[in-house]
Amino acid sequence: MSAGNLFVLGATHHTAPLAVRERLSLDAAATELLRDELSRIAGLKEFTVLSTCNRVEFYGVGESAAVASEVQRAFCARQGVAPHEFEQFRLSLAGPHALQHLLEVTAGLDSQMLGETEIFGQVKEAYGAAQARGHTGAVLNRVFQKAFQAAKHVRTNTAITEGQVSVANVAVELAVNIFGSLAQARILLLGAGEIGEKTARAFQSRGAATLSVTSRRLESAMELANSLGAFALPFWLTPVKLTDFDIVVCATAAPDTVVSLAAVQAAMRKRPARPLFFIDLALPRDVDPGVADLENVFLYNLDDLAKIADDNRAAREAEIGKCRELLNVRTQALWRQIEPRLQGGAGESAMGAQTESA
């Protein structure tokens, strides 16, 4: 094997706008089907799939450079995207450059919101899923374990997370700017997942008292509502109940639009003098983009929130150089460890190899 056969392939917020990331995004079912397809690619010895709101990436070890092209072919076919179109937004790195990228991603240096910590858990979850299915071996086990160590080292020894911003905090600040005090604001959380819950708790920390939760599974909505001290709302009532809320946080895993333009238009006819604020944290987006053109309606999606967060990143940007220097040292040391395995350790790199100690 040549050293170039450790690779990362994908698309991120740096090159792919939100509308493109929607088309490329993988839900849980699609990810599982794609993993199965990738496991049958000849010469793909190890791989991990990382899919978040801001990126879809494939980390792999292949017997030849052509293996990455096969991964791209399988992904594009699954998503219904022409390969030449995907290549306009594609991230493609190999060898130590792929290593450095993973370390920067895990440490939050490559995130839309510089220094955010959620990505650490997302990378860990992606690696855990690959390992549990026998898709990683000696190389990727070592690579990911060292990436986690490097991320912790950077956070401990730099100020990259100081004054950090999150999607939840930016959303709350926007709501405060629109409504002033949140004590009387009526908030609907659409979706009972982790991101929505964090945003709901951020609103509560700023004084929001009236919160309702809805989800396609009423049991999930009730469970989260109980933990938040909130109300549970049947999902099918959402369109007719929009008029009762001031702030709607949308964070479902639905493949299509959940809040239609017609539903918002109907709600605003009943409340023309009161603003309605949508925070769309979903990918694909939950809210019809046309909603943003309605009078007295405010709609912010993930990219909008990231742009606002950019204004608050000056202090953390000063730490980027220091972080990259620390990570580069670790990248070079790690590359010296794994390069011999890539060049000759075919048996060691087989899928299903045991996890090494960090």
Determine the dipole magnitude for segment 225-347: charges of +1 sit on the beta-carbon of Lys and Arg, -1 on that of Asp and Glu, nothing else is charged, the reference point is the Cα centre, and the result goes in debye to the nearest 20.
-> 360 debye
The chain - charge dipole about Cα centre, Lys and Arg +1 at Cβ, Asp and Glu -1, debye rounded to 20 | 380 debye
Note: the chain at 20 °C, 1.002 mPa s; Kirkwood Rh on alpha carbon pairs; Stokes-Einstein D in µm²/s works out to 99 µm²/s
CD proxy at 222 nm, helix term only [per DSSP H run n ≥ 4: -39500 (n - 2.57); per residue of the chain; nearest 500] = -14500 deg cm²/dmol
Rounded tilt (10° steps) of 261-270 against the dominant C-alpha axis of the chain | 30 degrees
Could you pull out the pairs from 270/307; 198/241; 146/198 whose alpha carbons sit more than 30 Å apart here?
-> 270/307
Mean Cα-pair separation over length for segment 48-197, i.e. relative contact order, pairs under 8 Å, 6 or more apart, % | 22 percent
Mean Cα-pair separation over length for the chain, i.e. relative contact order, pairs under 8 Å, 6 or more apart, % | 21 percent
Tabulate in residue order the Karplus-calculated ³J(HN,Hα) for segment 73-88, using 6.51 cos²θ - 1.76 cosθ + 1.60 with θ = phi - 60°, rounded to whole Hz; enter x for Gly and Pro.
-> 4, 5, 5, 4, 5, 5, 8, x, 10, 5, x, 5, 6, 4, 5, 5
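From the C-alpha coordinates alone, can you work out the Kirkwood hydrodynamic radius of segment 167-310, in Å?
Values: mean 1/r = 0.0676 Å⁻¹.
Result for segment 167-310 stands at 14.8 Å.
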If one takes the longest principal axis of the Cα atoms in the chain, at what angle in degrees, from 0 to 90 and to the nearest 10, does the Cα axis of helix 167-179 lie?
-> 20 degrees
In debye to the nearest 20, how big a dipole does segment 167-310 give about its Cα centre with +1 on each Lys and Arg Cβ and -1 on each Asp and Glu Cβ?
-> 460 debye
Against the longest alpha carbon principal axis of the chain, how many degrees, from 0 to 90 and to the nearest 10, is the axis of helix 320-344 turned?
-> 40 degrees
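Local charge sum around residue 274 (other residues, Cβ-Cβ under 15 Å, Lys/Arg +1, Asp/Glu -1)? It would help to have the intermediate numbers written out before the result.
Numbers: positive: 186, 241, 269, 270, 271; negative: 244, 246, 295.
Cβ neighbours under 15 Å give a net charge of +2.
Each reported figure results from applying straightforward, stated rules to the coordinates on display, with no laboratory input. In this text, all values refer to a predicted model and were calculated from it rather than measured experimentally. Backbone-built Cβ (ideal geometry, glycine too); neighbour counts: all protein chains shown.
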